[in-house]
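Here's the structure we're looking at; comments come further down.
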Amino acid sequence: MNVLVVNAGSSSLKYQLFDTTKNVVVAKGLCERIGIEGESTIGAISHKNLITEKEHKANLPMPNHTVATKYVVDALVNAEYGCVKSMSEIEAVGHRIVHGGAYFSESVLLTDDVLAKLELCRDLAPLHTPAHIQGIQGCLEVMPDVPQVLVFDTAFHQTMAPEAYMYGVPYEVYEKYAVRRYGAHGTSHRYVAGEMLKVLGKTEGTKVVTCHLGNGSSISAVKDGKVVDTSMGFTPLAGVLMGTRCGDMDPAVVPFIMNKEGLTPDEMNNYMNKKCGFLGISGVSSDCRDIEAAIADGNARAKLALDMLGYQIKKFIGAYSAAMGGLDAIVFTAGIGENTPSIRAMACEGLEYLGVEFDNEANYAVQRPIKTTCLSKDGSRVKIYLIPTNEELVIASDTEKIVSELKK
């Protein structure tokens, strides 16, 4: 089945065309600067046919996601650099959705009712949900007869028990406003946890900590293949230190800084999301590669930023081991998790009491392209693995499964 995977951002639209029969990506691309105000709403599309290696780039009027979706369709069917003869060859569309609230615990076929519930999630992810809805509407207008499936980043975390997802606010606030822990990066955690369970050879009785580490980072405790806890919370601001996000801190810090700096609630929210983390601590950059370069030059604040992240990851691993009553495996994935051996080493250092025997030689020997790699010694009771994530494959697989059921 040919499945178009769409990831719509506020001013962008990433896409990949999957052939699920052969399990390969046929084409991929990106539309940028959608609806950006200026002299004109000119966006850019970059498209690549991965079979023929032919590429296409263009600057075109791109006032909204519907127009961007039309350019995607045109690129896919183009006689020179396209990959399908007509849109009739695309049998389904799968959408990555950041936040499904408490409404969705699994991927679903798009219906009017589903879209109405997604509208109720706007406040939970105000930067992402409007863009997702625009992307969906764009596909509906351009491909009205093609079934669409929504795959939620929060769905994998819906197996958490109330004691794990509830906050210490009045229960009435939870009931009125759905204030609770939701988590994020669930599609990535689901993929790498599933791959790790294949290595372990079983699901029942397993205790795995998955570390999705990038500009945004989250850590999950996965017991018997189901999430029992995760580091991100009501929003993707919680958890460990990130590129520009503060992670966990005393809630009283928020009004304290607001009063001292004269910030409004919106300004404080922006402050915590965009001016903290690696950027705020180091004063150098939000990018881990820049942080490592600064450390090599002797920058103490850059080293502090990296040390903080390594320490916090280790704390979550220890806490989640306690929550699950043991530990069988630790998985590292995503941009930093896959490409920064020093973070992997810091996170595992001192965990020998849990049965971790980290292979630092194997850790620093990892080379591109990144492949699934064992980072623990042969005798280690706890397995340590680097597993490249593949969220798009999960979206394509879920979409194929749901749409196939329609045809039975």
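The values are calculated or read from the model by the stated rules, or taken from the named source; none is laboratory data. None of these values were measured; they are calculated from a predicted model. Virtual Cβ from ideal backbone geometry, glycine too; neighbours counted across all protein chains shown.
Residues in the range 22-45 that are over 22 Å from the mean Cα position of the chain (by Cα) and free of Cβ contacts under 8 Å to residues at least 24 places away in the same chain: Lys22, Glu37, Gly38, Glu39, Ser40, Thr41, Ile42, Ala44. Listed by first and then second residue, the pairs with beta-carbon distance under 6 Å, at least 6 apart or on different chains, first residue in the range 385-408 and under 10 Å from Val3 (Cα atoms), second in a helix (DSSP H, G or I) and not charged (D, E, K, R), form an empty list. Among the conditions (1) of a type outside the set (Phe, Trp, Tyr); (2) at pLDDT below 95; (3) over 22 Å from Thr230 (Cβ atoms), the only one that Ser376 does not satisfy is (2). Looking at this structure, is Ala92 in contact with a helix residue (DSSP H, G or I) (Cβ under 7 Å, 6 or more places away or on another chain) and either of a type in the set (S, T, N, Q) or in contact (Cβ under 8 Å) with a residue 12 or more places away in the chain (or both)? So Ala92 fits the description; yes.
Residues are listed down the side, and each one gets a yes or a no for (1) closer than 26 Å to Cys374 by Cα; (2) touching a helix residue (DSSP H, G or I) at 6+ places or on another chain (Cβ under 7 Å); (3) not assigned by TED's automatic domain parsing to the domain that holds Asn7:
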| position | (1), (2), (3) |
| --- | --- |
| Gly168 | no, no, yes |
| Val173 | no, no, yes |
| His189 | yes, yes, yes |
| Val208 | yes, yes, yes |
| Gly216 | yes, no, yes |
| Gly225 | yes, yes, yes |
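Per-residue answers, yes or no, for (1) touching a residue at least 40 places away in the same chain (Cβ under 8 Å); (2) farther than 25 Å from Leu306 by Cβ; (3) assigned to a helix (DSSP H, G or I):
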position: Ala193; (1), (2), (3): yes, yes, yes
position: Ile219; (1), (2), (3): yes, no, no
position: Pro236; (1), (2), (3): yes, no, no
position: Ile257; (1), (2), (3): no, no, yes
position: Leu263; (1), (2), (3): no, yes, no
position: Met268; (1), (2), (3): no, yes, yes
position: Leu279; (1), (2), (3): no, no, yes
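Listed by first and then second residue, the pairs with beta-carbon distance under 6 Å, at least 6 apart or on different chains, first residue in the range 242-254 and closer than 28 Å to Gly337 by Cα, second among the aromatic types (Phe, Trp, Tyr), are Gly243/Phe278.
Consider Gly326 carefully, then state whether it is surrounded by fewer than 20 Cβ atoms within 10 Å (Cβ to Cβ), at pLDDT below 95, within 20 Å of Lys207 (Cβ to Cβ) and not charged (D, E, K, R).
Details: surrounded by fewer than 20 Cβ atoms within 10 Å (Cβ to Cβ): yes; at pLDDT below 95: no; within 20 Å of Lys207 (Cβ to Cβ): yes; not charged (D, E, K, R): yes.
The answer is no for Gly326.
This table checks each residue for (1) under 21 Å from His128 (Cβ atoms); (2) crowded, with 18+ Cβ neighbours inside 10 Å.
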{"residue": "Lys22", "(1), (2)": "no, no"}
{"residue": "Gly29", "(1), (2)": "yes, yes"}
{"residue": "Glu32", "(1), (2)": "yes, no"}
{"residue": "Gly43", "(1), (2)": "yes, yes"}
{"residue": "Glu55", "(1), (2)": "no, no"}
{"residue": "Ala58", "(1), (2)": "no, no"}
{"residue": "Val67", "(1), (2)": "yes, yes"}
{"residue": "Lys70", "(1), (2)": "no, no"}
{"residue": "Leu76", "(1), (2)": "no, yes"}
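Thr159 fulfils the conditions (1) touching a strand residue (DSSP E or B) at 6+ places or on another chain (Cβ under 6 Å); (2) among the polar types (S, T, N, Q); (3) buried (at least 20 other Cβ atoms within 10 Å of the Cβ) except for a single criterion, (3).
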